[in-house]
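Input: a single structure, listed below in structure tokens.
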Amino acid sequence: MAKTSTKISEVSPDEAPAGEHCRSRARPVDLVYLAARTRADRAAEMEILQAFVSQVRQCLRSLVPGGDAAANRTAAARLRATAMAVGAFALSATAEAVERDGTDPDAIESVYSCVIEAENFVSGLCR
């Protein structure tokens, strides 16, 4: 089977080879999804990902284990929307759990873990 040299940002989700979109969804940020949203503009993708990291950090300042449940729910809602915009689906799902129960320390810890994973992933892309 021949390998293709197409960059992930050049492939839309509908054009991805069989299984490619599933693999991209397993990453902290679904780059196929992001490429479709940016029309494969690599500069736009990097700018969006850097803004994503900045917004995520702002949201985390308001997400406090043992903190006010309403404030945690609000921060989680912002975090979920930010994550969905770039295709960080695992982060979005964990943030949604905090939206349901703003005091669950395990859910908040899962958000922190997903954020670290996503930030490390984005950092690796920006090198």
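What follows is calculated from the coordinates using simple rules that are stated; it is not laboratory data. Everything quoted here is computed from the prediction, not taken from an experiment. Because the Cβ atoms are built from the backbone with ideal geometry, glycine has one as well, and the counts that use them run over all protein chains shown.
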Karplus (6.51, -1.76, 1.60) ³J(HN,Hα), θ = phi - 60°, over the stretch 34-39, in Hz, Gly and Pro reported as x: 5, 4, 5, 6, 9, 6
Rounded if a/c under 1.5, otherwise prolate or oblate - the stretch 76-122, Cα gyration tensor axes: oblate
The stretch 63-68 - phi-based ³J(HN,Hα) in whole Hz, Karplus 6.51/-1.76/1.60, Gly and Pro as x: 9, 10, x, x, x, 4
Per-residue ³J(HN,Hα) for the stretch 98-105, Karplus 6.51 cos²θ - 1.76 cosθ + 1.60, θ = phi - 60°, Hz, x for Gly and Pro: 6, 4, 6, 9, x, 10, 6, x
More than 22 Å apart - percent of Cα-Cα pairs taken over the stretch 18-125: 29
Amide H contacts of D68 (H built 1.01 Å from N, under 5 Å, at least 5 apart or other chain): none
Size of electric dipole in the stretch 18-125: Cβ of Lys, Arg +1 and of Asp, Glu -1, about Cα centre, debye, nearest 20: 320
